[in-house]
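Please read the structure below before turning to the comments.
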């Protein structure tokens, strides 16, 4: 079979097999192609004439995904934990390259990690767009051992723990070097808009002069609830929540996860139904989508026993 004999339907199936972790060389041998040509077709789509359209053009790819999104899906599936964890944990991003749907945020943070400095960030966006996962991925990029929590340099403050006493204790710990990791310490403060007035006053003071090798990341769904004085002390990054773009990306991601977990393509209408359900309120949540996919995957695995 020659390269040009591939059609878009076949290419779509090959792309999902690649997302599911199948080796490019084995797939190429099956088709009688060089792996370089097959890899180029999967990434860029089929030739369209004497001059190829740009790889980033969505018309090159029936999925409508750009190259960065395709690579992020493959990286996320390739790095998924082999442990028996919920899908939301198995496919949680582990580094910045596996963050889905937030290319501008990822680009900004990758630039920051090339020459990092003590700073406070505010991650703004709707629920399920990956704010906390991105914060953990940034910690990993700075050399923290995220699986070791405080010992590895990562402290997470839940919304219900944002009292003056807890924030005071957290700020004191910032001066202690972590036992493990690169020496960087990252504090992730979830739902910053729920902090008490006392906690807010302490942060306003401490953010003026953070200890060396310290990054504090606040997340919020409601930026308007935070005072301007607080906002001025943070580098603000807005997370995209365009439901049309994210649902398209989410659809391809869910198909790839199902294929990897169930070892077959999803039944007609399943993924479309999940995406419709997730986006019915005008926003898309990757976490919620994986939650809805979970029972279908479990059912298939149960039937295979």
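Would you mind telling me which numbered condition in (1) at pLDDT 95 or above; (2) closer than 11 Å to residue 239 by Cβ residue 116 fails?
Against the list (1) at pLDDT 95 or above; (2) closer than 11 Å to residue 239 by Cβ, residue 116 comes up short only on (2).
When you check residue 122 against the structure, is it closer than 13 Å to residue 216 by Cβ, in a helix (DSSP H, G or I), touching a residue at least 40 places away in the same chain (Cβ under 8 Å) and outside the structural domain of residue 290 (by TED's automatic domain parsing), yes or no?
For residue 122, the condition - closer than 13 Å to residue 216 by Cβ, in a helix (DSSP H, G or I), touching a residue at least 40 places away in the same chain (Cβ under 8 Å) and outside the structural domain of residue 290 (by TED's automatic domain parsing) - is not met.
Condition first: surrounded by fewer than 21 Cβ atoms within 10 Å (Cβ to Cβ) and either closer than 26 Å to residue 126 by Cα or in contact with a helix residue (DSSP H, G or I) (Cβ under 7 Å, 6 or more places away or on another chain) (or both). Now tell me which residues in the stretch 291-300 satisfy that.
291, 292, 294, 295, 296, 297, 300
Report, by residue number, each residue of the stretch 189-210 that is part of a loop (DSSP other than H, G, I, E, B) and loosely packed, with under 14 Cβ neighbours inside 10 Å.
208, 209
Can you tell me how many residues in the stretch 254-290 are surrounded by 17 or more Cβ atoms within 10 Å (Cβ to Cβ) and in a loop (DSSP other than H, G, I, E, B)? Please lay out each step first, then the result.
Narrowing the stretch 254-290 to residues surrounded by 17 or more Cβ atoms within 10 Å (Cβ to Cβ): 254-262, 266, 271, 274-275, 278-279, 283-290.
Checking the rest, the ones that are also in a loop (DSSP other than H, G, I, E, B) come to 266, 279, 283-285.
Qualifying residue count, the stretch 254-290: 5.
The values are calculated or read from the model by the stated rules, or taken from the named source; none is laboratory data. Predicted model, so just to flag it, every value in this text is computed and none were measured. We place every Cβ from the backbone using ideal geometry, glycine too, and count neighbours over all the protein chains shown.
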